Amino acid sequence: MNVTRERALCICFQFSYNEENIAKAKKKLDEMNDEYDVCYLTDPTVPVFAPKSRICAKGSGFRTYSSRDVDSSANATTAVPQT
């Protein structure tokens, strides 16, 4: 299964995956004061919230999701680890 950032947000907030719930999930994430983001460790189907400072830390092991807005020819199906 291709897990996009939008799907991961819906999973974390336990919302069904649809356009209305994607908007709700993004709004709820925005309410977290831009301190947290959705990411995963080894399995993209198990998203978690982590502080952005930890996600971006070298060697943290956290991986980020690609947004569905990214062109699929640009490797949108796999997440790129933060460096």
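No lab work stands behind these numbers, since they all come straight from the coordinates. Keep in mind it's a predicted model, so treat the numbers as computed, not measured. Ideal geometry is used to build each Cβ from the backbone, glycine not excepted, and the neighbour counts take in all protein chains shown.
Counting every C-alpha pair in the range 5-74, the share spaced more than 18 angstrom apart comes to 39%. Checking every one of the GluC sites (Glu not before Pro) in the range 1-41 against DSSP loop status and a limit of 10 other Cβ atoms within 10 Å picks out GLU31, GLU35.
Report the extension gain between TYR17 and VAL48 in nm, rounded to one decimal, defined as 0.36 nm multiplied by the number of residues separating them, less their alpha carbon distance. Show your work: numbers first, answer last.
Details: separation 31, 0.36 × 31 = 11.16 nm, distance 1.66 nm.
That works out to 9.5 nm of additional length.
Summarising the amide proton neighbourhood of TYR36: residues at separation of 5 or more, or on other chains, whose placed amide H is nearer than 5 Å comprise LYS52.
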